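Worksheet for the structure shown next.
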Amino acid sequence: MAKIGITCYPTVGGSGVIATELGKLLAERGHEIHFITSQVPFRLNRVYPNIFYHEVEVSNYPVFQHPPYDLSLANKMAEVIKREELDILHVHYAMPHAVLAILAKQMSQKDIKIVTTLHGTDITVLGIDSSLKQMIKFGIENSDRVTAVSKSLVTQTKEQLETDKEIDVIYNFVDEREYYREPNSSLKMEYHIEEHEKVIIHISNFRKVKRVPDVIRVFAEIQKRTPSKLILVGDGPEYSTCYQLVRSLKLEDKVLFLGKQENVSELLSISNLKLLLSEKESFGLVLLEAMACGVPCIGTNVGGIPEVIDHGVTGFIGELGDIQAIANYAIQLLTDEKMLHNFSVKGESIVREKFASEAIVKHYEQLYDQVVQHE
Ligand code: GMT
């Protein structure tokens, strides 16, 4: 059994979810897990005897213009590596976490192995910035092993950073014990959704890349053809723009803005279709969460989305910004009960087969074994 340190951004976000869920499942399999983060990861919602949490304290000295979070993190990593005698430090994000792990390794003077998982934003957004490109490349090339959450992200990383570092694809997963369809018709009533109305759902952090206005425009077309409601879950910079758009399209009584929600599987369980129309998306964990709850998905032909949605089998893939074509797919699906049922059942089985949490956690374990034995 290994002693594994995990660093991620612990707040709401796919990478934080994956890092935390992975830590929990590894702990269940007997490993000793040490989270080294600035806050308790939000999914770490109960006590686990072999999970430890080391808080990174950021001091705000008057001489510094900005609190030195990165250096405090490296310092904490080095301290935990030495004191807890970690075997592996698994960091999520090359920038800044892999770079800090390398620094921490030097400071600790221990032969700890560094595993870095790429989730996308560090490559697709930060990697474009030439001032950071060299730093990200350094983090990746000096990690002992690197994984990425889709084939598309591997290709993009290699192209953008001009690196031939070997990168393993390990897909996102969900804990199937938490994500499954549990119909609750009273919840529909509580949200004033009629039984015959179809429910379309979108969940994101409302950043520009998520193209939430496209979701609203697609819904505007759908509701002309079939009785339906749109549920928007999450919060972020585009929230008020979306609110204005809904008002200008006179859809206020058909779009529900729910803000951030904890128990999304309950909301997914009353939904018939999930829309993710992003312009950048290395995987789209929310798609997997939806499929696990029996919800067919429509996504854009972007990043890792086509690796998750099987076009014509579990949902549809449309071109970015092609509102009418995406709306047509949605109407076709929502007005055909047989297709809706088949897509839903197929989605649930793909989650259990291609994206099974057990197989994915074992894949990470294999990688840890290889890296430790490679000494
Ligand atoms: O974009 C987000 O919603 C957050 C971001 C993150 O860093 O948590 O998500 C990224 O990592 C997720 C987990 O691997 C992926 O499922 C998301 O597709 C990815 N986001 C982007 O690539 C934009």
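The values are calculated or read from the model by the stated rules, or taken from the named source; none is laboratory data. Just so it is clear, the structure is predicted and the values come from calculations on it, not from any experiment. Neighbour counts are summed over all protein chains in view; Cβ atoms, including those assigned to glycine, are modelled from backbone coordinates with ideal geometry.
For region 75-124, filtering for residues that are charged (D, E, K, R), buried (at least 21 other Cβ atoms within 10 Å of the Cβ) and more than 15 Å from the ligand (Cβ to nearest atom) leaves 3.
Listed here are the residues, each with its yes/no results for (1) farther than 29 Å from Ala359 by Cα; (2) modelled with pLDDT of 95 or more; (3) surrounded by fewer than 15 Cβ atoms within 10 Å (Cβ to Cβ); (4) in contact with a Phe, Trp or Tyr (Cβ under 6 Å, 6 or more places away or on another chain).
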site	(1), (2), (3), (4)
Ile167	no, yes, no, no
Tyr171	no, yes, no, yes
Val174	no, yes, no, no
Arg177	no, no, yes, no
Tyr180	no, yes, no, no
Ser185	yes, no, yes, no
Lys188	yes, no, no, no
Glu197	yes, yes, no, no
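For beta carbons closer than 6 Å, sequence separation of 6+ or different chains, a first residue in region 61-72 that is in the same structural domain as Val99 (by TED's automatic domain parsing) and a second that is in a loop (DSSP other than H, G, I, E, B), the qualifying pairs are Pro67/Val58; Pro67/Asn60; Tyr69/Val58; Ser72/Val56; Ser72/Val58. Considering every residue within region 64-86, establish whether at least one is modelled with pLDDT of 95 or more, more than 18 Å from the chain's Cα centre (by Cα) and assigned to a strand (DSSP E or B). No, region 64-86 contains no residue that is modelled with pLDDT of 95 or more, more than 18 Å from the chain's Cα centre (by Cα) and assigned to a strand (DSSP E or B). Do we find a residue being more than 22 Å from Ile140 (Cα to Cα) and of a type in the set (Phe, Trp, Tyr) anywhere in region 69-84? Scanning region 69-84, I find no residue that is more than 22 Å from Ile140 (Cα to Cα) and of a type in the set (Phe, Trp, Tyr), so the answer is no. Comparison of Val199, Val233, Val215 shows that the only residue that is within 26 Å of the chain's Cα centre (by Cα) and without any contact (Cβ under 8 Å) to a residue 60 or more places away in the chain is Val233. Within region 25-50, the residues that satisfy the criterion of being more than 16 Å from the ligand (Cβ to nearest atom), charged (D, E, K, R) and either closer than 19 Å to Arg177 by Cα or in contact (Cβ under 8 Å) with a residue 60 or more places away in the chain (or both) are Glu28, Arg29, Arg46.
Checking each residue in region 266-281 for being touching a Lys or Arg at 6+ places or on another chain (Cβ under 8 Å) and of a type in the set (Gly, Ala, Ser) picks out Ser269, Ser278. Of everything in region 215-230 that is touching a helix residue (DSSP H, G or I) at 6+ places or on another chain (Cβ under 7 Å) and buried (at least 22 other Cβ atoms within 10 Å of the Cβ), the residue that is nearest to Leu267 (Cα to Cα) is Leu230.
Residues in region 1-23 that are away from the ligand (no atom under 16 Å from the Cβ) and in contact (Cβ under 8 Å) with a residue 40 or more places away in the chain were compared, and the one that is nearest to Lys105 (Cα to Cα) is Gly5.
Residue-wise test of (1) of a type in the set (A, V, I, L, M, F, W, C); (2) away from the ligand (no atom under 14 Å from the Cβ); (3) touching a Pro at 6+ places or on another chain (Cβ under 7 Å).
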{"position": "Leu256", "(1), (2), (3)": "yes, yes, no"}
{"position": "Gln261", "(1), (2), (3)": "no, yes, no"}
{"position": "Ser265", "(1), (2), (3)": "no, yes, no"}
{"position": "Leu275", "(1), (2), (3)": "yes, yes, no"}
{"position": "Ser278", "(1), (2), (3)": "no, no, no"}
{"position": "Val286", "(1), (2), (3)": "yes, no, no"}
{"position": "Cys293", "(1), (2), (3)": "yes, yes, no"}
{"position": "Thr300", "(1), (2), (3)": "no, no, no"}
